[in-house]
Amino acid sequence: MFGNDVLHTVITQILLPPINVLMFGVICGCLPDRLARLRRWGSFGCIATLLLLSLPVTSNLLLQGLEYNTGSDTSPTPPQAIVILGGDNVTGMAIGGIVTGVRVGGLSLERVRAAALLQKRSHLPVLITGASLSANHPPVAKLMADMMQNELSVPVRWIETEASDTWQNAARSAAILQRERISSVFVVTQPWHMRRAVMAFRHFGITVVPAATALDVLSPRAAADFIPHPAAWVDSYFAFHEWIGCAYYALRS
């Protein structure tokens with residue numbers, strides 16, 4: 001299982017910035033002298049692309065283009081459950097900290113918090129799906145369920161621990177839900193991930209009412225949005241990952 005996951009990770013990193021841009025730059029740098037002009041333009045293009053992706057204005061536009069509004073879908077069947085998609089986890093083993101060991105990461109934490117609020121309003125059963133992200137680590141679904149039940153006092157009915165990506169999240173969740181005769185659910189994830197999640201769940205016959213963690217408010221551009229920032233690279237990475245994923249899911253559906 002982890003061998004396939006490593007291969008998937010390597011391929012993903014090659015296709016996404018900044019690795020894809022850097023690889024193109026290396027290829028351009030290795031061009032022979034007779035293609036010196038192409039070499040120069042290719043190198044300039046790589047630098048310009050990396051700079052562009054480091055601007056908050058660029059990353060914000062890429063992410064906002066992905067956002068799937070919570071109120072954009074209506075379902076003839078009211079949601080009968082809440083599905084939380086597994087996100088990330090972090091490891092902290094330092095002695096003396098309040099929280100140590102493997103725990104939910106920032107993305108997972110946002111999803112758990114939003115789902116807890118939704119469950120307390122709706123009283124619907126909760127399903128959390130997500131496999132282990134590293135060898136010898138507990139499944140991320142188990143970490144998220146422990147937080148929901150022990151820290152937020154929200155019950156979790158189903159914990160699915162084998163799905164390693166969004167497509168598998170949908171497939172394995174659908175199998176559980178359909179056994180319970182549930183055909184319509186809230187899906188909780190980040191707004192920029194929701195579009196791909198909806199595509200996957202629809203493929204497996206589940207109607208989705210999107211329940212995004214938080215939608216960004218389009219605000220006037222500030223001067224700081226045009227100054228390179230490391231966080232913008234991270235956001236651009238997520239955006240490219242989702243756009244490529246949406247295209248791939250469209251071909252699979």
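The values are calculated or read from the model by the stated rules, or taken from the named source; none is laboratory data. All figures in this text were calculated on a predicted structure; none of them were measured in a lab. Every residue, glycine among them, receives a Cβ derived from its backbone with ideal geometry; neighbour counts consider all protein chains shown.
For this structure, a couple of remarks:
- Subset of segment 29-51 [crowded, with 16+ Cβ neighbours inside 10 Å and within 24 Å of His241 (Cα to Cα)]: Gly42, Ser43, Cys46, Thr49, Leu50
- Cross-chain or 6+ apart pairs with Cβ under 8 Å, segment 40-57 first and assigned by TED's automatic domain parsing to the domain that holds Gly29, then at pLDDT 90 or above and among the acidic types (Asp, Glu): Pro56/Asp235
- Test: residue in segment 220-239 that is among the hydroxyl-bearing types (Ser, Thr, Tyr), touching a residue at least 24 places away in the same chain (Cβ under 8 Å), surrounded by 16 or more Cβ atoms within 10 Å (Cβ to Cβ) and assigned by TED's automatic domain parsing to the domain that holds Leu117: no
- Residues that are farther than 17 Å from Trp233 by Cα and among the aliphatic types (A, V, I, L, M) within segment 36-50 comprise Ala36, Leu38, listed in sequence order.
- Residues of segment 114-132 satisfying the condition of being assigned to a helix (DSSP H, G or I) and surrounded by fewer than 17 Cβ atoms within 10 Å (Cβ to Cβ): Leu117, Lys120, Arg121, Ser122
- Cβ-Cβ distances below 7 Å connect the following pairs, each with a first residue in segment 77-88 that is closer than 17 Å to Leu109 by Cβ, a second residue that is part of a loop (DSSP other than H, G, I, E, B) and modelled with pLDDT of 95 or more, and a separation of six or more residues or different chains: Ile82/Leu124; Leu85/Gly130; Gly86/Gly130.
- Odd one out for Thr161 among (1) among the β-branched types (Val, Ile, Thr); (2) modelled with pLDDT of 95 or more; (3) more than 28 Å from Val99 (Cβ to Cβ); (4) within 21 Å of the chain's Cα centre (by Cα): (3)
- 3 or more residues at pLDDT 85 or above: qualifying strands (runs of 3 or more DSSP E) within segment 1-110: 81-85, 101-104
- Check on Val154, surrounded by fewer than 16 Cβ atoms within 10 Å (Cβ to Cβ), hydrophobic (A, V, I, L, M, F, W, C) and free of Cβ contacts under 8 Å to residues at least 40 places away in the same chain: no
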